[in-house]
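**Q** Once you've had a glance at the structure underneath, I'll fire off some questions.
The values are calculated or read from the model by the stated rules, or taken from the named source; none is laboratory data. These figures come from a predicted structure and were not determined experimentally. Glycine also receives a Cβ, built like all others from the backbone with ideal geometry; neighbour counts cover every protein chain displayed.
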Amino acid sequence: MGTYFADTIQPLSSEKYVVEGKNVTLSCNYSTTSGTVNSLQWYRQYVGAEPEFLLLLDEYSTKSKPDLRLYSKATKEIKRVDLLISSAALLHLKSSLRKKQSTTTNSA
């Protein structure tokens, strides 16, 4: 049995502009042709640097990282995952299922 990955991951908006210190929510919709999402993973990437793992959650969970001021919630019924963050950076969402042997990464 292999690992599945989401067929598509699409940010609800391609850019967000936020005043420093203000909260912002980044949201992505995802879809699958088969299987259930095992994990949804948020990454942060600064210009010229490798992506840095931030949070892992599944379709039924919420996770937070208070030290980084991050809170994420997935909603399986509408296939959406949200990330509340208080300081802006380039973030990526990666979703994995149990069938295909490839990854999908989009900017949020």
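**Q** Restricted to segment 53-80, and to residues that are surrounded by 19 or more Cβ atoms within 10 Å (Cβ to Cβ) and of a type in the set (Gly, Ala, Ser), which residue is modelled with the lowest pLDDT?
**A** Restricting to residues being surrounded by 19 or more Cβ atoms within 10 Å (Cβ to Cβ) and of a type in the set (Gly, Ala, Ser), the top hit is ALA74.
**Q** Another one. Does GLU50 satisfy being among the acidic types (Asp, Glu) and at pLDDT 85 or above?
**A** Considered against the rule, which asks whether it is among the acidic types (Asp, Glu) and at pLDDT 85 or above, GLU50 comes out as yes.
**Q** Looking only at residues in segment 16-44 that are among the small types (Gly, Ala, Ser) and assigned to a loop (DSSP other than H, G, I, E, B), which one is modelled with the highest pLDDT?
**A** GLY21
**Q** Mind listing just one residue for me: the one in segment 1-15 that is part of a loop (DSSP other than H, G, I, E, B) and surrounded by 14 or more Cβ atoms within 10 Å (Cβ to Cβ) and, of those, modelled with the highest pLDDT?
**A** ASP7
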